[in-house]
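The values are calculated or read from the model by the stated rules, or taken from the named source; none is laboratory data. Here the structure is a predicted model, which is why all the values come from computation and not from measurement. No Cβ is skipped: glycine too gets one built from the backbone with ideal geometry, and neighbour counts run over all protein chains shown.
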Amino acid sequence: MAKKPKRCCRCNRRVRGAGAQWCVDIALGAGGLGTVDAIICPRCATPWEHLQREVNDSTVRYEWVGNHVKRVPKFTEAAGAL
């Protein structure tokens, strides 16, 4: 069975391509692991959600651990390069 495409939680629009401009709401759980709670298309996202996405993209790296997402600060990578 094929995996169903992800859709915007507000307008039901399908994610096409990489979905780089889409906003994702991650619910953090125990141990710093989170699950994808909602996906929001660029048309439905508020300016605040766009700002949060930009800040997170520049400061946090995301890694998949099974079905969960782990957030790793990017500044640790830069500090190791010094």
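Restricting the range 1-28 to residues that are in a loop (DSSP other than H, G, I, E, B) and of a type in the set (Gly, Ala, Ser), the residue that is surrounded by the fewest Cβ atoms within 10 Å (Cβ to Cβ) is Ala2. Against the test of being more than 16 Å from Lys6 (Cβ to Cβ), surrounded by fewer than 12 Cβ atoms within 10 Å (Cβ to Cβ) and at pLDDT below 85, the options Gly31, Gly66 yield a single qualifying residue, Gly31. All conditions but one from (1) modelled with pLDDT of 95 or more; (2) closer than 20 Å to Lys74 by Cβ apply to Thr46; the one that does not is (2). Within the range 54-75, the only residue that satisfies the criterion of being of a type in the set (A, V, I, L, M) and within 12 Å of Ile26 (Cα to Cα) is Val69. Summed over the range 37-57, residues that are closer than 19 Å to Lys6 by Cβ and among the hydrophobic types (A, V, I, L, M, F, W, C) total 6.
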